[in-house]
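Visitor: Before I ask anything, here is the structure I am working with.
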Amino acid sequence: MSRFEALNAQVLGLSVDSVHSHRAFANVLGGLDYPLLADFHPKGEATKQYSLWRDDKGYSRRAIIIVDGDGIVRQSYIIEKGPPDVEAVLSAVKEIV
């Protein structure tokens, strides 16, 4: 995460799972380098604002959303499967700063 911090960027995770679920998830991974935010109650409210909520599944799509310092979404894309391309995200952040 230090490469993002060097760009004055902050990485956050957002999930419709509870804080307790986030703690368990982080423990299984041996900790995380970024905070996880709980979009738990009302469930999915934040993800709905980014059009990521899936009514048919009861959870949100995985996505990368790049928001600038003024709160404007500059880029977003869905992660279909596998881990996100960190280098592509870094490049996108560099274009903004």
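Visitor: Kindly list, by first and then second residue, each pair from a residue in segment 74-96 that is touching a residue at least 40 places away in the same chain (Cβ under 8 Å) to a residue that is small (Gly, Ala, Ser), limited to pairs with Cβ atoms under 8 Å and residues at least 6 apart or on different chains.
Guide: Close Cβ pairs satisfying both conditions: 93/9.
Visitor: Answer with yes or no whether residue 61 is in contact with a Leu (Cβ under 6 Å, 6 or more places away or on another chain), without any contact (Cβ under 8 Å) to a residue 24 or more places away in the chain and of a type in the set (D, E, K, R).
Guide: Yes, satisfied.
Visitor: Let me ask something additional. Go through segment 34-74 and report how many residues are surrounded by fewer than 12 Cβ atoms within 10 Å (Cβ to Cβ) and aliphatic (A, V, I, L, M).
Guide: Matching residues across segment 34-74 total 2.
Visitor: Could you tell me whether residue 70 is part of a loop (DSSP other than H, G, I, E, B), under 23 Å from residue 3 (Cα atoms) and in contact (Cβ under 8 Å) with a residue 24 or more places away in the chain? Before you say what the answer is, go through the steps one by one.
Guide: Working: part of a loop (DSSP other than H, G, I, E, B): yes; under 23 Å from residue 3 (Cα atoms): yes; in contact (Cβ under 8 Å) with a residue 24 or more places away in the chain: no.
The answer is no for residue 70.
Only the coordinates and a few stated rules stand behind these numbers; no lab work does. Since the structure is predicted, the reported quantities are computational estimates derived from the model, not experimental observations. Cβ coordinates were reconstructed from backbone atoms using ideal geometry, including for glycine residues, and neighbour counts include every protein chain displayed.
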